[in-house]
Amino acid sequence: MVSIKPSIHWRFFQIFIFTWAVILAPFVGVSAENEKKAPPKPLTTNNLDIPIEELEYRLHPLTKDDLSVEADGWLQVLKKHGEELSHTQIAVLKAKEDEKAQLLEKVTKLEEQKIVLADRLKAVIEELRSKGGKVDDYDAYLKAISGVDVKISDASATWTVIAGWLKSSEGGLRWLKNISLFLVVLLFSWILAVLLSKAAKKAVAGIQGASELLKDFIVNIVRKLIFIVGFVVALSMLEINIGPMLAAIGAAGFIIGFALQGTLSNFAAGIMILIYRPYDVGDLVEVGGTLGKVTAMTVVSTTLMTVDNQKIVVPNNMIWGDKITNVTGTDKRRVDMIFGIGYSDDIAKAQKILEEIVITHKAVLKDPEPVVKVHELADSSVNFVVRPWVKTENYWDVYWDITRAVKERFDAEGVSIPFPQRDVHMHQIATT
């Protein structure tokens with residue numbers, strides 16, 4: 001049997017073909033795969049009149065990449081519609097008077113359909129925005145094509161376009177509905193805020209131990225918060241996207257809060273004052289180095305009326321960070337007075353006079369009992385302390401009455417009221 005052996009040249013040829021097949025195989029596979037793989041198609045553009053609510057439900061489970069495909073699909077739909085609208089508008093410019101009316105009517109319908117398609121694209125864009133997609137180009141396109149083009153050079157055409165827009169369900173009628181809803185929601189929010197603030201006022205009135213400042217604060221917060229929430233909801237009735245607005249408000253709030261640290265400090269101090277209520281409206285207090293009657297308070301400042309009728313506004317952080325003296329914080333006060341007699345005067349007689357003056361005063365309380373005692377032996381006098389207890393509102397009347405009565409009785413009874421004295425001794429120095 002004869003064996004046939006391949007030649008060396010044939011083997012080299014086989015090795016050469018095999019090597020190139022291995023090198024080119026991945027590229028051939030990728031190319032074939034790319035040819036087989038079709039570009040993704042949007043899923044929601046089959047029905048151009050799909051309700052917004054249904055569209056939003058269909059978009060919700062999609063990923064960012066899926067939503068980009070949907071956005072591109074609706075963008076192409078809107079672009080084609082815009083091309084048709086542009087061609088029709090061009091035809092209006094060239095049309096004769098008898099044909100222009102029909103074309104303008106078609107323009108109105110196309111404008112209405114454009115708004116419908118733009119609403120669908122907006123829904124896709126908002127969902128894409130919420131999932132981190134880039135939407136700047138889509139926003140710019142929508143902004144560029146929004147509105148109705150009016151050419152004032154042709155008065156009749158202009159009026160036809162405007163009248164058509166006003167009568168359109170997606171134009172004037174739609175905005176009439178939106179503005180009506182805005183006003184209704186705003187009015188309802190105001191009424192609700194008033195009613196709830198009254199309910200809150202009745203509710204806090206029954207809180208035992210709560211200050212008037214805290215009650216007023218709660219009522220004001222309820223009223224303003226309800227109205228602000230209602231105002232934001234009312235803005236959404238005007239088809240204003242409140243999401244970016246709220247985000248902008250949050251960012252602005254951070255910047256403003258950083259810039260107004262002192263004001264925020266006053267706000268925090270005001271909240272602490274409202275909670276712990278060291279004083280209330282109508283109290284006579286000494287705060288921030290100022291003595292006065294509290295007439296009003298906000299979360300950032302307290303307004304005082306001094307005893308000489310000056311109106312002073314004190315920041316709350318100065319109050320909370322310092323000593324607070326509430327003069328009228330209790331219903332009873334002790335009047336502390338000191339009266340001196342001469343060293344040659346009768347101590348028992350003086351004490352009896354002082355006790356009679358204090359006990360017979362109608363505003364002095366029996367309980368706690370007033371105190372009249374010899375207090376100290378001073379440089380020029382023997383001093384008595386006189387400490388009667390009175391109602392807080394009678395403090396100064398008792399102080400002034402007793403001071404006058406002591407002077408008159410001491411003069412009548414021959415008891416001296418000494419004044420500071422100093423003896424000066426003269427010494428003569430002998431000279432030689």
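The values are calculated or read from the model by the stated rules, or taken from the named source; none is laboratory data. Treat the numbers as computed from the prediction; the structure is a model and nothing was measured. No Cβ is skipped: glycine too gets one built from the backbone with ideal geometry, and neighbour counts run over all protein chains shown.
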statement: In segment 57-76, anything in contact (Cβ under 8 Å) with a residue 60 or more places away in the chain and under 18 Å from D139 (Cβ atoms) is listed as L59, K64, L67, S68, A71, L75
query: Here are I338, I353: which of them is surrounded by 15 or more Cβ atoms within 10 Å (Cβ to Cβ), at pLDDT 90 or above and in the same structural domain as V372 (by TED's automatic domain parsing)?
result: I353
